[in-house]
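Working notes, structure below.
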Amino acid sequence: MDDRFNTIAGWVLFAGIVGLGLNILSGKYFHAGAPERPETLGYVIEGVEEGTEEAEMTMAAALNMDGMAPSAGEAVYPKCMACHTIDQGGADGIGPNLYGIMGQPIAAKSGYAYSSALSDLSGEVWDWENMNEWLANPKAFAPGTKMSFAGLSKIEDRAAVALYMNAQGSNLPVPEYVAEAAEAETAEGEGEEVLSDADAGEAAAAEAEQDAAAEINEGGA
């Protein structure tokens, strides 16, 4: 009985060893043929954007938003008060007094020492678009400016502040904006581009027909 038990136990142990060995060998074999897992998963395809951001509205659109008024800009203007007064006849501070600034040439206020970054722009005026860009990022609009303010990130705030400044002795006409007209202009531009592509295709087809006709004529000659 003991011999029989030992024999059976021996075969069981042998089978276990064989199975373990086969498992190790198969793991090495199949792992060798499998591609290595990269440390960083995924890859970037050039020309494909990871995400799309909604385009910012134009200054004209922001100025014509429902509820947009100088009073809204007055609520935002305290961000500028540390450096600028805006009342008529107000003294210059770290920055110049801003009464009547809209529509005036850039860096034109007498008695204030502008940086060369703004003095170099003296041929331009503080219109709606220039003011929008300036309020968004002064250092980008005039690299080297002394203005330390980082800017207003929301175009709604920029439009409101510009309206408020415009009401302080400037009164520039607010640009009109009609959403339907703007969309029609965009659609028209896209249509012209498609038409141009179609014309190019027709021209290429006509040229190919002419070449084929010329070859036939040469063959007949």
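Quick notes
- Any chance Ala160 is at pLDDT 95 or above, over 21 Å from Ala107 (Cβ atoms) and assigned to a helix (DSSP H, G or I): yes
- Residue in the range 35-50 that is within 33 Å of the chain's Cα centre (by Cα), modelled with pLDDT of 85 or more, outside any helix (DSSP H, G or I) and among the small types (Gly, Ala, Ser) present: no
- Filtering the range 119-132 to residues that are in contact with a helix residue (DSSP H, G or I) (Cβ under 7 Å, 6 or more places away or on another chain) and crowded, with 16+ Cβ neighbours inside 10 Å leaves Trp128, Met131, Asn132.
- Restricting the range 134-157 to residues that are among the hydroxyl-bearing types (Ser, Thr, Tyr) and exposed (fewer than 15 other Cβ atoms within 10 Å of the Cβ) leaves a set whose member that is modelled with the lowest pLDDT is Ser148.
- Pairs, first under 12 Å from Glu56 (Cα atoms) in the range 146-158, second part of a loop (DSSP other than H, G, I, E, B), C-beta under 8 Å, six or more apart: Ile155/Glu56; Ile155/Met57; Glu156/Met65; Glu156/Met68
This table checks each residue for (1) at pLDDT 95 or above; (2) surrounded by 17 or more Cβ atoms within 10 Å (Cβ to Cβ).
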residue: Ala62; (1), (2): yes, yes
residue: Gly90; (1), (2): no, no
residue: Gly95; (1), (2): no, yes
residue: Tyr99; (1), (2): yes, yes
residue: Ala117; (1), (2): no, yes
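The values are calculated or read from the model by the stated rules, or taken from the named source; none is laboratory data. Treat the numbers as computed from the prediction; the structure is a model and nothing was measured. We place every Cβ from the backbone using ideal geometry, glycine too, and count neighbours over all the protein chains shown.
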